[in-house]
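See below for the structure under consideration.
The values are calculated or read from the model by the stated rules, or taken from the named source; none is laboratory data. Model, not experiment: these values are computed from the prediction. Virtual Cβ from ideal backbone geometry, glycine too; neighbours counted across all protein chains shown. When the accessible area is computed, the model is the full protein with side chains, heavy atoms only, and any ligands, DNA or RNA have been set aside. Shrake-Rupley method; radii C 1.70, N 1.55, O 1.52, S 1.80 Å.
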Amino acid sequence: MSEDSNPTRKRIVLTDISSRAWEHPADRGALVALRKLHGFDLLVRKLSGFVNERMVRMLLLGSNVRVSERQFPRVHQIYTEAGRTLDLPRLPELFVAASPYLNASTIGVDTPRIVINSAVLDIMDDDELRFVLGHELGHAESGHALYRTLLSYLIQGGTMLAGGVPFGAWGIRAIIAGLSEWARKAELSGDRAGLLATQDIGAAVRVQLKLASGGHLADLDQTEFLAQAKEYDATEDLRDSILKFLLVEGQNHPQAVVRAGELRKWVDSGEYADILAGDYPRRQQDRDAKISEEAAAAADSYASAFASSQDAMARLARDLGDGLTDLGRRLGQRFRQPPRD
C-alpha cells in the first residue's frame, strides 16, 4: 500500500518550496553565483541542446523503459507522490535501465531526465525508492546537471590555458579539487531533497545501508551504522586525516557511511523540522537571493563543521589556533603594561 493511500502516513506537501531549502550551504552559494551568469547559462543550454540533449533522449528511448502508469506503475506512483510532496510544477521523464549496479542519475542540461537502474527497484521498498527518486528530483530542480556541465567547460578551458594559471598543473589540480568538493556537497543536497520527499529518516538511512552493503539489510543495524559514521569523522590519528583527504580528492560522491551521518546531523540541527513546519524559502524569492549572503552562509557552514569536527587534523588546527590566540593575548597584555621605573 502506498503512503498516500494510508491516512496514518500522510506526508506534508511543501508548497512552493525553493530548491534553496534543501541545498547544502556550500552548494547553494555556488549555485546562486552561477545562476547570475545568464550569458554562460544560455550558451551551455544552446550547445548542449543542439546535439547532446537529442542524443541522450534517443539513447534512452531506444535502450531503456520509460516509466508511466502502464510501465512500472509502482515506480510511477511513487515518483508522482515524490514530485507532489516537493510541489514540483513538472516532472522530468523517468527511465528504468537494465543494470546490476545500485545507481540512479539525472542527465541532460536543457531538459533533465532521470534514469534509475533495475537493481535499485529490486532491493528498495517504497519509502526507500521515494528517497532515491526525491534525491534525483532535487538534482533536477537545483539544476546541477546544467552547472556541472558549465563548470566542466571551465575546467577544460582552464586546462588548455594551464600555462597562465599560477603553478600551472598544480593550479588546475586545485581548481578541480574545489569543484569536486562542490559536487560532493551537491550530493548532500540531493540527499536532503530525498529525505523531504520521503519524510522518513529511517528510510533515508536504510538506502545508505543498502548502497554500502549491497542490500543485506537483515544483517545490518542503523545505530551501529551511524556510530560507524561518527568513528570515521572522529579519527584519532593525523595520518588517517590525511588519508581521508586523499581518498576523496577528485571524487564527486561522498561515501555512503558519510552521507548517512550527514543526514543525521541535518535532522539533529533542526533545519529539517523547520522546513516541515513551513519555514523555508519560496520559489518567488529566488531572484532576490544575494551572492554575499549565500557565500557567508557557506563560510559559516564550513566554520561550524570545523569547530565541531572530532577529526585529528581539525583538532590540531584548533589547538594551534587557540595557542596562537593565547600567545597573542599574553603578548598584548605584556606590551600594554606601563613601563617600570
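Quick notes on this one:
Residues checked against (1) of a type in the set (D, E, K, R); (2) at pLDDT below 95; (3) open to solvent by less than 80 Å² (accessible area, probe 1.4 Å); (4) not in a helix (DSSP H, G or I):
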site	(1), (2), (3), (4)
A33	no, yes, yes, no
D41	yes, yes, yes, no
G49	no, yes, yes, no
E53	yes, yes, yes, no
L60	no, yes, yes, no
H76	no, no, yes, no
E81	yes, no, yes, no
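- Members of the range 268-286 that are charged (D, E, K, R) and assigned to a helix (DSSP H, G or I): D268, E271, D274, R283, D286
- Condition check for Y232: aromatic (F, W, Y) and either at pLDDT below 80 or open to solvent by less than 60 Å² (accessible area, probe 1.4 Å) (or both): no
- Verdict on V65 being out of contact with any helix residue (DSSP H, G or I) (no Cβ under 7 Å at 6 or more places or on another chain), β-branched (V, I, T), open to solvent by less than 80 Å² (accessible area, probe 1.4 Å) and modelled with pLDDT of 95 or more: yes
- Residues within the range 196-229 that are in a helix (DSSP H, G or I) and loosely packed, with under 13 Cβ neighbours inside 10 Å, tallied: 6
- Cβ-Cβ distances below 8 Å connect the following pairs, each with a first residue in the range 260-285 that is without any contact (Cβ under 8 Å) to a residue 12 or more places away in the chain and under 22 Å from A186 (Cβ atoms), a second residue that is among the hydroxyl-bearing types (S, T, Y) and buried (at least 16 other Cβ atoms within 10 Å of the Cβ), and a separation of six or more residues or different chains: D274/Y280.
- Cβ-Cβ distances below 6 Å connect the following pairs, each with a first residue in the range 50-70 that is under 20 Å from T80 (Cα atoms), a second residue that is open to solvent by 80 Å² or more (accessible area, probe 1.4 Å) and modelled with pLDDT of 90 or more, and a separation of six or more residues or different chains: V65/Q71.
- Close contacts from the range 234-255, counting a first residue that is assigned to a loop (DSSP other than H, G, I, E, B) and a second that is of a type in the set (D, E, K, R) and at pLDDT 75 or above, with Cβ to Cβ under 8 Å and a gap of 6+ residues or different chains, come to Q251/R184; N252/R184; N252/E187; H253/R184; H253/E187; P254/R184; P254/E187; P254/E262.
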